[in-house]
Amino acid sequence: MGESFDVVTKCVSFTLNEQFMEKFVDPGNHNSGIDLLRTYLWRCQFLLPFVSLGLMCFGALIGLCACICRSLYPTIATGILHLLAGLCTLGSVSCYVAGIELLHQKLELPENVSGEFGWSFCLACVSAPLQFMASALFIWAAHTNRKEYTLMKAYRVA
């Protein structure tokens, strides 16, 4: 009769310093050398969402200024910031998937553990295209309004 092991799982929170620790070639073996690819993928997938959030907040402030000033240029800047935020989100998702795949090449999952992505990963995958669509809408709106603004200005001069 085979032995059965009760697997106990518990959540462990990492400090900020532990988020940036080096990953090793053999996970768990500190003498195996540093795996630079996995280390920097982990750091990027941790930092890029914060960069994306900062770009979105800065874009919102510029968008608010665009409404107050009634100027077209802040609207274009808001669209560009949303585009950059979408690229950061997409980069973060890509770094996470690549890091997990590299880890799975080194370690195999236990028999009763399924390696599926969770709901937060799905939300991140949905948010990147939404940020791209918001960017396209801002840039399109600025371009459309610029034509109407030019026509209105020409009408006033005439």
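Worth a mention:
- Just one of the listed residues (V97, V51, V93) is among the β-branched types (V, I, T), part of a helix (DSSP H, G or I) and open to solvent by 60 Å² or more (accessible area, probe 1.4 Å), and it is V51.
- Looking across the range 54-90 at every residue that is at pLDDT 90 or above and in contact with a Pro (Cβ under 9 Å, 6 or more places away or on another chain), the one that is most open to solvent (accessible area, probe 1.4 Å) is identified as L90.
- Members of the range 21-68 found to be within 30 Å of A141 (Cβ to Cβ) and of a type in the set (G, A, S), listed by number: S52, G54, G59, A60, G63, A66
- Positions within the range 107-129 being outside any loop (DSSP other than H, G, I, E, B) and either touching a residue at least 24 places away in the same chain (Cβ under 8 Å) or at positive phi (or both), in sequence order: F121, A124, C125, S127, A128, P129
The values are calculated or read from the model by the stated rules, or taken from the named source; none is laboratory data. Predicted model, so just to flag it, every value in this text is computed and none were measured. Note: ideal-geometry Cβ built from the backbone for every residue, glycine included; neighbour counts use all protein chains shown. When the accessible area is computed, the model is the full protein with side chains, heavy atoms only, and any ligands, DNA or RNA have been set aside. Shrake-Rupley method; radii C 1.70, N 1.55, O 1.52, S 1.80 Å.
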